[in-house]
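The values are calculated or read from the model by the stated rules, or taken from the named source; none is laboratory data. What you see is a predicted model, and the numbers here were worked out from it, not measured in a lab. FYI the Cβ positions are ideal-geometry reconstructions off the backbone, even for glycines, and counts take in every protein chain you see.
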Amino acid sequence: METIYILWLRQIKKYLRSKSRIIGSLGQPVLFMLALGYGLGPIFAKAGQGNYLEFLVPGIICMSIVFTAIFSGLEIIWDRQFGFLKEMLVAPVSRLEIMVGRSLGGATVASIQGLIVLALSFLIGFRIGNLWHLLVAIIFMFMISLLFTLLGTGIACLLKDYNAFQLIVNFLIMPLVFLSGAFFPLDDLPKIFLKVISFNPLTYGVDALRGTLSGLGHFALWNDFSILFIIIIVFTFISSYLFSKIEA
């Protein structure tokens with residue numbers, strides 16, 4: 001447990017020390033909120049769909065979380081190249097503890113990122129219907145963060161080149177984000193799109209945050225929670241196995 005705590009704390013300290021990283025990672029979500037929220041807002045309202053900003057912000061928060069979480073796996077490749085990973089692997093601790101500590105740290109960092117984006121959304125007019133729902137939203141933020149941190153860890157265990165990691169992750173993230181309902185409602189979509197979207201784990205994360213923060217969820221919250229929880233368990237086993245086979 002001590003190893004898990006140390007690695008978890010190390011990830012958080014690295015993030016908090018890097019002010020340029022924090023500021024830089026906020027550029028894209030703020031741009032999306034301003035450009036899409038105010039640019040498409042009037043069209044969304046004329047179509048009878050209500051306030052687009054309330055609909056959009058949970059999706060932008062998820063997008064920010066996913067980018068931060070999945071790219072935390074890149075640190076495994078950096079640690080491998082600079083020898084730090086080898087030092088950890090030869091230490092008298094289990095690889096499972098190392099993987100869990102890193103994953104919890106990455107998930108916490110991504111959750112903090114999501115909370116910062118949420119705080120910034122208040123400045124441009126977003127409001128939460130029920131403040132008690134914020135606590136539930138934070139739980140879902142952490143679940144989304146953990147899921148994609150585990151995914152990033154699994155991918156990083158299979159690669160040694162950080163350029164390849166970035167290419168694969170960018171190729172993977174954009175379809176996941178755009179086919180999650182982050183930017184458009186799921187009602188009245190063609191059946192083939194609904195089937196594709198239903199197999200996307202991010203769909204349930206976006207829907208859960210939208211349901212808790214804006215009250216505009218498409219699925220039941222219990223359904224979102226159950227699916228995310230099951231996928232996290234599956235990804236934990238897969239990432240643990242891949243990390244156990246990694247060579248420094």
Report summary line: Every listed condition ((1) farther than 26 Å from W8 by Cα; (2) under 15 Å from the mean Cα position of the chain (by Cα); (3) not aromatic (F, W, Y)) holds for T153 save (1)
Report task. Give L167, L135, L146 a once-over and let me know the one that is assigned to a helix (DSSP H, G or I), surrounded by 14 or more Cβ atoms within 10 Å (Cβ to Cβ) and modelled with pLDDT of 85 or more. Result -> L146
Report summary line: Screening S226, S180 for residues that are outside any helix (DSSP H, G or I) and under 26 Å from W132 (Cβ atoms) leaves only S180
Query raised in the report: What residue, among those in the range 229-248 that are assigned to a helix (DSSP H, G or I) and over 17 Å from the mean Cα position of the chain (by Cα), is nearest to I77 (Cα to Cα)?
Result: F243
Query raised in the report: How do the pairs read when you match residues in the range 223-248 that are at pLDDT below 95 with residues anywhere that are β-branched (V, I, T) and part of a helix (DSSP H, G or I), using Cβ under 7 Å and keeping only pairs 6 or more apart or on different chains?
Result: S239/T153; F243/T153
Requested in this report: Please indicate, with yes or no, whether at least one residue in the range 180-197 is surrounded by fewer than 20 Cβ atoms within 10 Å (Cβ to Cβ) and in contact (Cβ under 8 Å) with a residue 60 or more places away in the chain.
Outcome: yes
Query raised in the report: When the residues of the range 1-20 are filtered to those that are farther than 17 Å from D79 by Cβ and not aliphatic (A, V, I, L, M), which remaining residue is modelled with the highest pLDDT?
Result: Y5
